[in-house]
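Asks: Here it is, the structure, as structure tokens.
What follows is calculated from the coordinates using simple rules that are stated; it is not laboratory data. Given the structure is predicted, the values throughout are model-derived calculations rather than measurements. When we count neighbours, we look across all protein chains shown, and the Cβ atoms used for this are built from the backbone with ideal geometry, even at glycine.
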Amino acid sequence: MAPVDDELWIEELGELSADAEQALRGLVSQLSQRASAPTSSELREIASSPATHLLVARDSAGTIVGMLTLAVFRIPTGVRAWIEDVVVDQRARGRGVGRRLTEKAVDLARSHGARTVELTSRPSRTAANQLYRSLGFNERETNVYRLSIEGRR
């Protein structure tokens, strides 16, 4: 565990306790009302995969108050890193949790050889977008496409 300050620390979850699973499900529900809560099996798969790093922020009581997933993978043009599913518990917002999680993810991506870190954020998430800009992330001129394959044949 890496101490962040007197009240928060960031750690990567490799193994998941029942309490951690419950906390992560609660955070996912705050992130997206459409996404179904991840199963225990899905959470274990994320935590154990060499391509994903499940980072959490804990408060002084050890309670998980935020999470972030960093995906790091090699493609022919180099090592890529993507930040996904950043969420801070409603009761812990405004305390620098998202900043600390993101800084840890960037450091981790760098240690794996990534030269850049990508993420997306809905324009309606004003505070998150301000955070990313303050950390040096730049908005890119690109098209992001999505194909929903659920129910397709």
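Asks: Counting other beta carbons within 10 Å of each residue's own, what order do Tyr132, Tyr145 fall into, fewest first? Don't skip to the answer; put the middle values down first.
Replies: On the way: Tyr132 21, Tyr145 5.
Ordered by Cβ neighbours within 10 Å, fewest first: Tyr145, Tyr132.
Asks: State, as an integer percentage, the relative contact order of the chain based on alpha-carbon contacts under 8 Å between residues 6 or more apart. Could you put the intermediate results ahead of the total?
Replies: Details: 206 pairs, mean separation 28.0, N = 153.
Here the relative contact order equals 18 percent.
Asks: Here is a further query. Based on the alpha-carbon gyration tensor of the range 4-61 and its eigenvalue square roots a ≥ b ≥ c, which shape applies: rounded if a/c is under 1.5, prolate if not and a/b is larger than b/c, or oblate? Show your work: numbers first, answer last.
Replies: Values: a/c = 1.93, a/b = 1.29, b/c = 1.50.
The shape class here is oblate.
Asks: What whole-number distance in Å separates the alpha-carbon centres of the range 81-96 and the range 48-78?
Replies: If we compute the Cα centre of each part, the gap is 12 Å.
Asks: Ranked from highest to lowest mean number of other Cβ atoms within 10 Å per residue, what is the order of the peptides 18-26, 51-59?
Replies: Numbers: 18-26: 16.0, 51-59: 19.9.
Listed from highest to lowest mean packing, they are 51-59, 18-26.
Asks: Dividing the convex hull volume of the Cα atoms of the range 32-95 by its residue count, what figure in Å³ per residue is obtained? Walk me through the numbers before you get to the answer.
Replies: Details: hull volume 8.4 nm³, N = 64.
Each residue corresponds to 132 Å³ of Cα convex hull volume.
Asks: Which of rounded, prolate or oblate describes the range 65-115 when judged by the alpha-carbon gyration tensor and an a/c cut-off of 1.5? Write out the running numbers ahead of the final one.
Replies: Working: a/c = 4.51, a/b = 2.55, b/c = 1.77.
Cα axes put the range 65-115 in the prolate bin.
Asks: State whether the chain is rounded, prolate or oblate according to the following rule on the C-alpha gyration tensor (a ≥ b ≥ c being the square roots of its eigenvalues): a/c under 1.5 gives rounded; otherwise a/b larger than b/c gives prolate, and the remaining case gives oblate. Don't jump to the answer; show the numbers that get you there.
Replies: Values: a/c = 1.32, a/b = 1.16, b/c = 1.13.
Note, shape of the chain comes out rounded.
Asks: Moving to a separate point now. Which value in nm describes the separation of the simple spin-label points at Arg91 and Glu15, placed 7 Å from the Cα toward the beta carbon?
Replies: 2.7
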